[in-house]
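So the structure is just underneath, and the comments pick up after that.
The values are calculated or read from the model by the stated rules, or taken from the named source; none is laboratory data. Treat the numbers as computed from the prediction; the structure is a model and nothing was measured. Positions of Cβ are generated from backbone atoms using ideal geometry, with glycine treated the same way; all protein chains shown enter the neighbour counts.
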Amino acid sequence: MAKKKKTIIAGPIVKTVVYTAPEPRDDPHVRAVKSKATTAAQKAMNDKTARGRLEMLLAANFGSHDLFVTLTYRDKDLPSSRKEAVKRVRQFFKYLREYRKARALLTKYIYVTEELHGEKRLHHHLVLNATGQDVEIIRSLWPHGDVVYAGCIEGGSFAALAAYLTKEGVQERPVGAQMWTASRNMRKPVIETSYIENDETLTVPPGCHVLEREERATEFGAYCFIKYYVPPAHWK
């Protein structure tokens with residue numbers, strides 16, 4: 001009897017799960033028990049929440065050299081509506097893409113538009129494939145207010161960043177408003193599936209840091225899920 005293994009690789013973040021799946025020759029009771037392990041495995045690996053999907057998208061496309069910035073509005077330039085704010089930030093990205101394209105640079109980004117917390121003023125949070133040296137260029141392309149430079153993305157903090165970017169939940173947003181917007185050239189996480197021997201265990205490679213772990217076992221099979229961070233020194 002073999003176990004199923006599924007792995008999702010998003011840059012330095014890896015989710016992997018092994019579980020005992022039902023087989024045609026199993027009797028109804030054994031099949032039911034194994035099906036529970038299969039369901040648990042699928043639940044752990046499926047990024048059904050916006051926050052979970054965003055975490056893996058961030059990890060697959062950005063790293064410690066990239067930027068997290070906030071675009072704000074001065075009083076006299078404050079948009080009259082969310083729709084107008086989105087129009088302005090899209091224009092900003094148009095100018096940024098043109099600037100970078102002229103210098104043979106690719107532009108990748110994720111942004112959110114917020115207005116429901118703090119002073120309840122419209123503003124935008126951005127994650128960009130840029131460095132601290134690009135902040136002045138960003139400021140020159142945003143004439144509506146301040147560019148708050150929050151620094152680079154810290155290794156392994158994608159979950160915290162995703163949580164921050166999605167703090168204004170779906171229920172709080174206007175009908176039809178996206179929770180976040182990403183450029184079309186984003187790299188998708190890599191998914192790998194295979195079978196392993198029944199006595200093989202799920203382990204984290206040496207030097208990697210476990211972020212989440214969950215295990216269940218019965219007399220008929222087992223389920224184990226691990227999410228871990230791979231430090232730059234261990235990247236291939």
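Please tell me if residue 154 is farther than 22 Å from residue 85 by Cα and modelled with pLDDT under 90. Spell out the reasoning first.
Numbers: farther than 22 Å from residue 85 by Cα: yes; modelled with pLDDT under 90: yes.
For residue 154, the condition - farther than 22 Å from residue 85 by Cα and modelled with pLDDT under 90 - is met.
Kindly indicate whether any position in the stretch 196-205 is assigned to a strand (DSSP E or B) and either at pLDDT 80 or above or in contact with a helix residue (DSSP H, G or I) (Cβ under 6 Å, 6 or more places away or on another chain) (or both).
Looking only at the stretch 196-205, we keep the residues that are assigned to a strand (DSSP E or B), and these are 196-197.
Still in the running and either at pLDDT 80 or above or in contact with a helix residue (DSSP H, G or I) (Cβ under 6 Å, 6 or more places away or on another chain) (or both): 196-197.
Checking the stretch 196-205: at least one residue is assigned to a strand (DSSP E or B) and either at pLDDT 80 or above or in contact with a helix residue (DSSP H, G or I) (Cβ under 6 Å, 6 or more places away or on another chain) (or both).
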Let me confirm something: among 175, 190, 148, which residue is among the β-branched types (Val, Ile, Thr), at pLDDT below 90 and either out of contact with any Gly (no Cβ under 7 Å at 6 or more places or on another chain) or surrounded by 12 or more Cβ atoms within 10 Å (Cβ to Cβ) (or both)? 175
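Test residue 58 against the criterion of being in a strand (DSSP E or B), surrounded by 11 or more Cβ atoms within 10 Å (Cβ to Cβ) and modelled with pLDDT of 90 or more, and give yes or no. Outline the logic, then answer.
On the way: in a strand (DSSP E or B): no; surrounded by 11 or more Cβ atoms within 10 Å (Cβ to Cβ): yes; modelled with pLDDT of 90 or more: yes.
It is false that residue 58 is in a strand (DSSP E or B), surrounded by 11 or more Cβ atoms within 10 Å (Cβ to Cβ) and modelled with pLDDT of 90 or more.
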Among the candidates 141, 126, single out the residue that is within 18 Å of the chain's Cα centre (by Cα) and not acidic (Asp, Glu). 126
So which residues in the stretch 97-120 are in contact (Cβ under 8 Å) with a residue 24 or more places away in the chain and surrounded by fewer than 16 Cβ atoms within 10 Å (Cβ to Cβ)? 106, 116, 117
Go through the stretch 121-135 and count every residue that is surrounded by 11 or more Cβ atoms within 10 Å (Cβ to Cβ) and either without any contact (Cβ under 8 Å) to a residue 60 or more places away in the chain or among the small types (Gly, Ala, Ser) (or both). 8
Per the list (1) in contact with a helix residue (DSSP H, G or I) (Cβ under 7 Å, 6 or more places away or on another chain); (2) part of a loop (DSSP other than H, G, I, E, B); (3) under 21 Å from residue 60 (Cα atoms), residue check on residue 116 breaks on (3)
